[in-house]
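The values are calculated or read from the model by the stated rules, or taken from the named source; none is laboratory data. Everything quoted here is computed from the prediction, not taken from an experiment. Positions of Cβ are generated from backbone atoms using ideal geometry, with glycine treated the same way; all protein chains shown enter the neighbour counts. Remember, those area values only see protein heavy atoms, side chains included, never the ligands or the DNA or RNA. Shrake-Rupley method; radii C 1.70, N 1.55, O 1.52, S 1.80 Å.
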Amino acid sequence: MDHLADPLLLRQHCQSWRAQGLTIALVPTMGFLHAGHLSLLDHARTLADKLVLSIFVNPTQFGPNEDLERYPRDLPRDLSLAEEHGVDLVFAPEPQAMYQPDHATWVTVPELAKGLCGAARPGHFRGVCTVVAKLFGLVRPDWAVFGQKDWQQLAIIRRMVRDLELGVTIVGRPIFREPGGLAMSSRNVYLMPQERAQAPAIRQGLELVQAAVNGGELDAARLGLMFRAYLAEKLPEARLDYVELVHPESLVPVARVGAPTLLAVAVFMGRVRLIDNILLEV
Ligand code: PAF
């Protein structure tokens, strides 16, 4: 397995693979790999001849009061996990290698970035799109694999790829969950033990809404209130950031559940913001 920090070397490496007729899959991450990331790597491994993992805590997607400095990092552990999961090349650059001091070009998808997480994190998706576009430019992958936990991110990246003709097939993979049902996230390490024990209630709230839909309740406002009430009862100390029922591609809020509808939520437990979602089945 190769480990590179220089974008130009990454570009050369990938160019030489393509010249040999080899296909490339990319899994972009911010590192501190967990089982969810590993499931993305395992899937990506089946898609292409060569598998590239990027590990980069991208400063431009963090707001001024967010957790850039304390975002968990453990490169040696990530490298050994990458090797175990058949990665051919790990790209782990320093911020100054990715952004010139006078970096001035940004990729935005404002229509899809204004709601859900974008409402509370202005500029976040601009940073995500810009770094993902840069990684696509360096690697020129045939496939790029992302998790569905960050559904809005996935929808935005799909739209960016479509609108800019980037020629990468975007693959979304199901949410990987801890045994109790909490969606896996590198930020789960911030949770206090008691918060971690209670956090599966978020998933249970999503399932409760699905059960109500199964029972014939299709009114989005009432379903949203149902999630709110469940959370208030089970996690009285948590703070709901949003609960939204939206179209899964356009991310436009819906008034009634029709196929397909995404129920997406963000919840603060202490300082930790947890997101989760479910594609409601009607
Ligand atoms: O989902 C993430 O880990 C990041 O937003 C990504 C896609 C690697 C871009 O920095």
Go through (1) at negative phi; (2) open to solvent by 50 Å² or more (accessible area, probe 1.4 Å) and name the single condition residue 21 misses.
(1)
Quick one: what pairs do we get from the range 149-178, first residue open to solvent by less than 10 Å² (accessible area, probe 1.4 Å), second among the polar types (S, T, N, Q), C-beta under 7 Å, 6+ apart or different chains?
154/148
Flag if residue 112 is touching a helix residue (DSSP H, G or I) at 6+ places or on another chain (Cβ under 6 Å), over 30 Å from residue 15 (Cβ atoms) and either within 12 Å of the ligand (Cβ to nearest atom) or in a helix (DSSP H, G or I) (or both)
yes
Pull up the range 6-25, narrow it to residues that are away from the ligand (no atom under 16 Å from the Cβ) and among the hydrophobic types (A, V, I, L, M, F, W, C), then point me to the one that is farthest from the chain's Cα centre (by Cα).
19
The range 122-146, residues that are assigned to a loop (DSSP other than H, G, I, E, B) and either over 25 Å from residue 267 (Cβ atoms) or open to solvent by less than 30 Å² (accessible area, probe 1.4 Å) (or both)
140, 141, 142
State whether the residues of the range 58-71 include one that is in a helix (DSSP H, G or I) and exposed (fewer than 14 other Cβ atoms within 10 Å of the Cβ).
no
Find the residue count for the range 85-108, including only residues that are open to solvent by 70 Å² or more (accessible area, probe 1.4 Å) and either part of a helix (DSSP H, G or I) or touching a residue at least 60 places away in the same chain (Cβ under 8 Å) (or both).
2
Would you please list the contacts, defined by Cβ atoms under 6 Å and residues six or more apart or on different chains, that run from a residue in the range 25-54 that is in contact (Cβ under 8 Å) with a residue 40 or more places away in the chain to a residue that is of a type in the set (Phe, Trp, Tyr)?
25/143; 35/176; 36/176; 39/176; 47/143; 48/143; 54/91
Considering each of 262, 208 in turn, give the residue that is under 22 Å from residue 119 (Cβ atoms) and either of a type in the set (Val, Ile, Thr) or in contact with a helix residue (DSSP H, G or I) (Cβ under 9 Å, 6 or more places away or on another chain) (or both).
262
Search the range 26-57 for residues being open to solvent by less than 10 Å² (accessible area, probe 1.4 Å) and in a strand (DSSP E or B), and hand back the single one that is farthest from the ligand (Cβ to nearest atom).
51
Number of the exception - residue 78 against (1) open to solvent by less than 60 Å² (accessible area, probe 1.4 Å); (2) assigned to a loop (DSSP other than H, G, I, E, B); (3) of a type in the set (D, E, K, R):
(2)
So, first residue touching a residue at least 60 places away in the same chain (Cβ under 8 Å) and closer than 26 Å to residue 1 by Cα in the range 56-84, second residue of a type in the set (Gly, Ala, Ser) and not in a helix (DSSP H, G or I), Cβ within less than 7 Å, six or more apart or across chains; the pairs are 56/92
